[in-house]
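Inspection log for the structure reproduced underneath, given as structure tokens.
Nothing in this text is a laboratory measurement; each read-out follows from the coordinates by a stated rule. Computed from a predicted structure; not experimentally measured. Every residue, glycine as well, gets a Cβ built from its backbone with ideal geometry; the counts of neighbours run over all protein chains shown.
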Amino acid sequence: MGWNASFAAHLGSYADRGGSPARVIVEHRDQYGLVTERGEIDAVLCGRLRSEVAGAERPTVGDWVVARAQSGADTAMVDTVLPRHSAFVRAAAGTGGGPQIVAANVDTVFVVDAIDRAPNLRRIERYLVLAWESGAVPVVVLSKADASADSAGALLAVQAVASDADVVTTSAFTGDGLADLERFLRPARTVALLGPSGVGKSTLVNHFLGQATQTVRDVRARDGKGRHTTTRRQLVRTPSGALLLDTPGMRELHVWDAEYGLERTFADVEALARGCRFADCRHEGEPGCAVLAAVAAGTVPAERLANHRKLQRELAQTEARRDQRAAAEANRRGKVAAKAYDAEVKRRGY
């Protein structure tokens, strides 16, 4: 299931206290499905995790946790979450949303988009930003190539915005390209499939599992949009020994902490920016702007620059929200500490 020496180094004294490592394979609100050395088991969070830990710090699918059996119960208790080596994080929906972990401890992210219609380059860029930021390696998977009027053109268009990420065209109908993806499905390696509804993620999962375990439905004919068939994130093991993490389609994908991902995805824009006359150039009309010169010359599409600016604004907004949340949390902890101090003073009769 992907256990290695790095995770073992963090296990520490938990094993001495009766805890054992387990991997989260499915999440049901406040309950979890785990895989342990002895097989699968249901689990709940310990009191500390329920009361003190929230948001991105709580376990999610793909996490390695320390769990222990409960006397007289048929469920285990999750005591702690081991440090992650990667995490795909987005800003939760809503203006006040905090970080939301979509997948943890992933080695490769398949960013899936269908090309039965023109590829959505701006959406692919957004997914790549978060994929690079996660610590995993992204691969862009262009599905439904058999239904594309120009699959070769779609491939070239996506390669132009994918920086150095691999781009693979596939067709579940003809089987083209599927063998090219199998080289990423190595034993004990975790691959997450991310993308909007209707792009064929579940079809890919069924292919690699060799059986129809995931429900597949047609997209709406009037607009090509998909219907949600995967309703929860789940980690499954393939016959090759690789681990697949299928995810529901995401209607919203806002950046949370993605400075590195932004630089990696827009490496061409970032490289040009170093040639601007002013170090703080915003590429919005300043004299001597190398980026705008490239747009004028046609080497950088104006739409790509516009998306870069949009993502930069989102990142600035989420940074401000993070600062507000950090200040609020520090204030909360200060009040808790003050109350505890007052209670201790009162108990001792000072």
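Structural remarks
- On Cα atoms only, tilt of 121-134 relative to the major axis of the chain in degrees: 40
- Contour excess over end-to-end distance, with Cα ends at Asn4 and Glu57 and 0.36 nm allotted per residue: 16.9 nm
- Cross-link partners of Lys335 among aspartates and glutamates (Cα-Cα below 17 Å; sequence separation of 8 or more within a chain): Glu52, Glu344
- DSSP-defined beta bridges in segment 74-140 - what % are antiparallel, rounded to 5: 55
- A DSSP coil position with no more than 10 other Cβ atoms inside 10 Å describes the following GluC sites (Glu not before Pro) in segment 1-108: Glu37.
- Arg183-Ala338 FRET efficiency (beta carbon distance; Förster radius 51 Å; 0.05 resolution): 0.35
- Point-to-point label distance, Glu303-Glu286, nm (Cα→Cβ direction, 7 Å offset): 2.7
- Excluding same-chain neighbours fewer than eight residues apart, the lysines reachable from Lys144 by a Cα-Cα span under 19 Å are Lys201, Lys225.
- Global form of segment 1-80, assessed from the alpha-carbon gyration tensor, a/c cut-off 1.5: rounded
- One quarter of the convex hull surface built on the alpha carbon atoms of segment 254-299 amounts to 3.8 nm², the projected area averaged over directions.
- Calculated FRET value between Glu319 and Arg48, using beta carbons and R₀ = 35 Å, to 0.05: 0.75
- Correct choice for semi-axes √(5λ) of the Cα gyration tensor in Å that was computed from the model, options (1) 38, 30, 17; (2) 30, 26, 18; (3) 28, 26, 19: (1)
- The simple spin-label model puts a point 7 Å past each Cα toward its Cβ; for Lys346 and Asp166 those points are separated by 6.3 nm.
- Backbone HN-Hα couplings from phi across segment 293-308 [Karplus 6.51/-1.76/1.60, Hz, Gly and Pro as x]: 5, 5, 5, 5, 7, x, 7, 10, x, 4, 5, 5, 4, 4, 5, 4
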